[in-house]
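The values are calculated or read from the model by the stated rules, or taken from the named source; none is laboratory data. Here the structure is a predicted model, which is why all the values come from computation and not from measurement. Glycine also receives a Cβ, built like all others from the backbone with ideal geometry; neighbour counts cover every protein chain displayed.
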């Protein structure tokens, strides 16, 4: 697994925050700005199809991000095939939004699960064109490895279908993905609460991308702070090393009554 001890590093850039922030569905621009500030996030994502590429300086989303030191991660939400995702990425770069792109290609209008074949094709093509590609994908360990081999700068498996808030349906698969990865693994989609984020980070995820659980919370600003704290706590716990699970109980002190573990003799 990739070493991410000193912050989240993607494509040679290192970020202090491991929280990637989605900007859609907030009740108001003010709550978007305040939530982003509380989150501490340095990478923000938004759908290219919702951005005015002709006048990005006047765009209804981007104008609220001005003056902040952020890395833009535009996404190809709405694309159905690789060719469309590639076209969207090129348009975003030409409009001055940078060369980072989140490949998002839906294979079903009901589940919104990503199309694995089209996602792999788009990732390979965009990586060849010099994009920093972060593909959103399902929690398939083999597919995630293939995306890495295709040139993905980071891979973003979902914990469960996007917007469901069901949390991590298959922690085992996520742990396998993380174990085998040589690029950052960022858990994206299905996160419902800070608890889910902390669980993913304890598994060894490099970061979390969340939007709906913050934007649609009763108090988005407070929830953004809660996510930031949970992500940090989960990462520290992972680095500290949790105790192994046991079938039966064990006393917290030894038979002699000592409070401390016996050292080497």
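Data for the structure
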quantity	calculated
Qualifying position, being more than 17 Å from residue 223 (Cα to Cα) and either out of contact with any helix residue (DSSP H, G or I) (no Cβ under 9 Å at 6 or more places or on another chain) or surrounded by 18 or more Cβ atoms within 10 Å (Cβ to Cβ) (or both), among 162, 191, 208	162
Flag if residue 66 is at pLDDT 75 or above and either surrounded by 19 or more Cβ atoms within 10 Å (Cβ to Cβ) or more than 19 Å from the chain's Cα centre (by Cα) (or both)	no
Extreme residue, nearest to the chain's Cα centre (by Cα), among residues of region 17-34 that are at pLDDT 95 or above and farther than 18 Å from residue 163 by Cα	18
Tally of residues being over 21 Å from residue 235 (Cα atoms) and crowded, with 23+ Cβ neighbours inside 10 Å across region 36-47	2
Near pairs, Cβ below 8 angstrom, 6+ apart or cross-chain, from region 237-264 (on the phi > 0 side of the Ramachandran plot and modelled with pLDDT under 85) to any residue that is assigned to a loop (DSSP other than H, G, I, E, B) and surrounded by 10 or more Cβ atoms within 10 Å (Cβ to Cβ)	none
Subset of region 117-137 (residues that are under 17 Å from the mean Cα position of the chain (by Cα) and either part of a strand (DSSP E or B) or over 17 Å from residue 81 (Cβ atoms) (or both))	132, 133, 134, 135, 136, 137
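Residue-by-condition table, conditions (1) closer than 22 Å to residue 238 by Cα; (2) touching a strand residue (DSSP E or B) at 6+ places or on another chain (Cβ under 7 Å); (3) free of Cβ contacts under 8 Å to residues at least 60 places away in the same chain:
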residue	(1), (2), (3)
154	yes, yes, no
174	yes, yes, yes
179	yes, no, no
192	yes, no, yes
196	yes, no, yes
